[in-house]
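Below is one structure, written out as structure tokens; the observations come after it.
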Amino acid sequence: MPRVVITGIGVISAIGLTRDAFWRSLVAGTCGIHNVNSSDFEQLRFKHAADVEGFVAALTKVIARMQATRRGALARNAEAPALE
């Protein structure tokens, strides 16, 4: 039988964007389904969804972290003041 190695666990869910937040919500019995009051959903028959709020902001942080690790310290230090 082939061996499998799990190197990490991640979660993107309506009840948590991180593994720890998801687990806390899951244990607490949190429901991620709620009424949707967005104009994007006006034409839909159902008005409930389990959308992932805050995902874009979380994704932006992850991408920024990934990009930061791919450049050297000199490049990061030069870029930081330029972005201010």
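Matching residues to (1) out of contact with any helix residue (DSSP H, G or I) (no Cβ under 7 Å at 6 or more places or on another chain); (2) more than 30 Å from residue 9 (Cβ to Cβ); (3) in the same structural domain as residue 9 (by TED's automatic domain parsing); (4) at pLDDT below 70:
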{"site": "26", "(1), (2), (3), (4)": "yes, no, yes, no"}
{"site": "30", "(1), (2), (3), (4)": "yes, no, yes, no"}
{"site": "36", "(1), (2), (3), (4)": "yes, no, yes, no"}
{"site": "41", "(1), (2), (3), (4)": "yes, yes, yes, no"}
{"site": "46", "(1), (2), (3), (4)": "yes, yes, yes, no"}
{"site": "65", "(1), (2), (3), (4)": "yes, no, no, no"}
{"site": "68", "(1), (2), (3), (4)": "no, no, no, yes"}
{"site": "73", "(1), (2), (3), (4)": "yes, no, no, yes"}
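The residues in segment 9-25 that are more than 8 Å from the chain's Cα centre (by Cα) and either aliphatic (A, V, I, L, M) or part of a loop (DSSP other than H, G, I, E, B) (or both) can be counted, and the count is 5. Is segment 26-33 home to any residue that is surrounded by 12 or more Cβ atoms within 10 Å (Cβ to Cβ) and part of a helix (DSSP H, G or I)? Yes, segment 26-33 has at least one match. In this structure, residue 55 does not qualify as over 21 Å from the mean Cα position of the chain (by Cα) and modelled with pLDDT of 70 or more.
The values are calculated or read from the model by the stated rules, or taken from the named source; none is laboratory data. Remember, predicted model here, so these are calculated numbers, not experimental data. With ideal geometry, Cβ positions are generated from the backbone for all residues, glycine too; neighbour counts draw on all protein chains shown.
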